[in-house]
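So the structure is just underneath, and the comments pick up after that.
The values are calculated or read from the model by the stated rules, or taken from the named source; none is laboratory data. Worth saying up front: this structure is predicted, and the values here are computed from it rather than measured. Note that each Cβ is placed from the backbone with ideal geometry, even for glycine, and that neighbours are counted across all protein chains shown.
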Amino acid sequence: MKVDRDHSTMFRRFRWIQPLVLTLLAGSTELNAFQVETNFPGASIQVFGIDAKRQALTFSPTQHPGKGWACWWHFRLTGIQTNRPIALTLIRTSAFGRPTRAMFSHDGVNWHHTEPGVRIGANQIYRHQPTHDTIHFAWGPPFQLQQARALVQRVLDRDPSARASELCRSREGRPVPALRWEPANPAAAPRRGLWVEARQHAWESGSSWVCQGFLEWLISDAPEARKLKQHTRIVVVPIMDVDNVERGAGGKDQLPHDHNRDWSDRPHWPEVTAAQRGILEMSQAGEFDLFLDLHNPGPGDKTPFFYGSPETHLPPIRKAHQKRFHETTMKHLGAEPLGLSPIIRVSGPGYHPLWRHISKNWVAENTAERVVALTLETSWNTSNSTRQGYVSYGHALGRAVAEYLDHP
Ligand SMILES: [Zn+2]
């Protein structure tokens, strides 16, 4: 008992070096080996208490001032005794960082849901019966820069028509991986154009898994995928805000503003500058049709949905195309376990003061009238919001996009 008391006093005083202190101190006692590890990209946890005997941990996400909402958490527990349960108490965290079920993994690759946590006030207690002595726990299935790079490599290995294309360097100097398809341009037949991006908000890891699913489908043997790549210029960016993804910060509402409020004439973030340039180039060549920005929504949004532009940004041609695209996605995404809302929500003047600087609104304002520009919000707080569920959703998105772009 003394050990636990000493630990908690120590942690209150030296919160800033908690993970390190935890590791060092825990090794000095017999109750010891129950430790929190954070020595990997995207790790995020602030420890408020740890009780090795009870295998109990009280925590919140790490606060990164100026780097957006503290709603992403991911850590590894080691030295777990498998003969008793673990209790993880999440405190001081908004509903956006408080999933009904936490995610756990024994290898950092395959992720599963815990049983639903118990809500007590604003706290959420996840109890888990361990079968391994080392377990990762996270808000959702993590998708880091390393996964984006591996994904790019897998696509290149499989599809000779794909090109790796660094979107830009981030403000902190990280390369932002992207993939590109540039089919030959047969005379008198302008190509179609498609831009798909994920993670303008760093914590929304599910959107990168949807993006991965889309890419997997695109390099599959499906005849529709081959046909799409023959007539469409395609750019896919699995992670926009790589710096906050690697930091383990939320990103949403970061300073001076987040990526999805940055689509102005003078963007702050190099990823946005590069995306605008790529989109305008395709649009000016008359080869741009569809922009999809992938996100995860609020905790209460149990069915995925699209955000579209307000009427001011929907000339009749775009409106008709958007309707056809939505009907096509209803057929494919709507048949997935996650489903799809038949209502397109609008993010216009009433949604946010910087609404014109939301990516899809900027795209609508700066590209041809036929271009459809939408935000896809894939639900993260449901039993189907797993890596497998997201990837399958991405496959369905691929089928929908191909069917839509196969039409004049
Ligand atoms: Zn978002």
(1) small (Gly, Ala, Ser); (2) under 20 Å from residue 198 (Cα atoms); (3) not in a loop (DSSP other than H, G, I, E, B) all hold for residue 385 apart from (3)
First in segment 311-336 and under 25 Å from residue 392 (Cβ atoms), second anywhere and exposed (fewer than 13 other Cβ atoms within 10 Å of the Cβ), Cβ under 7 Å, 6 or more apart
330/342
Are any of the residues in segment 275-282 within 19 Å of residue 252 (Cβ to Cβ) and buried (at least 16 other Cβ atoms within 10 Å of the Cβ)?
yes
Name the strands (runs of 3 or more DSSP E) wholly inside segment 58-107 in which the number of residues that are under 15 Å from residue 138 (Cα atoms) and over 19 Å from the mean Cα position of the chain (by Cα) is 2 or more.
74-78, 86-90
Which one is surrounded by the fewest Cβ atoms within 10 Å (Cβ to Cβ) among residues in segment 69-109 that are closer than 18 Å to residue 245 by Cβ and small (Gly, Ala, Ser)?
108
Let me spell it out: the conditions are (1) more than 16 Å from the ligand (Cβ to nearest atom); (2) surrounded by 20 or more Cβ atoms within 10 Å (Cβ to Cβ); (3) not hydrophobic (A, V, I, L, M, F, W, C), and residue 311 meets all of them except one. Which number is the exception?
(2)
For the subset of segment 133-147 comprising residues that are over 17 Å from the mean Cα position of the chain (by Cα) and not in a loop (DSSP other than H, G, I, E, B), which member is nearest to residue 61 (Cα to Cα)?
136
What number of residues in segment 360-408 are among the small types (Gly, Ala, Ser) and over 16 Å from the mean Cα position of the chain (by Cα)?
8
Out of all the residues in segment 115-127, is one or more modelled with pLDDT of 95 or more and within 17 Å of the chain's Cα centre (by Cα)?
no
Kindly indicate which of 280, 290, 294, 255 is more than 14 Å from the ligand (Cβ to nearest atom), in the same structural domain as residue 352 (by TED's automatic domain parsing) and touching a Leu at 6+ places or on another chain (Cβ under 7 Å).
290
Which helices (runs of 4 or more DSSP H) does segment 191-250 wholly contain that include 1 or more residues that are within 16 Å of the ligand (Cβ to nearest atom)?
205-218, 242-247
Quick one: count up the residues across segment 356-396 that are under 18 Å from residue 252 (Cα atoms) and surrounded by fewer than 18 Cβ atoms within 10 Å (Cβ to Cβ).
0
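Considering every residue within segment 247-269, establish whether at least one is modelled with pLDDT of 95 or more and within 24 Å of residue 158 (Cβ to Cβ).
no
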Collect the residues in segment 158-190 that are closer than 19 Å to residue 211 by Cβ and assigned to a strand (DSSP E or B), keeping them in residue-number order.
162, 163, 164, 175, 179, 180, 181
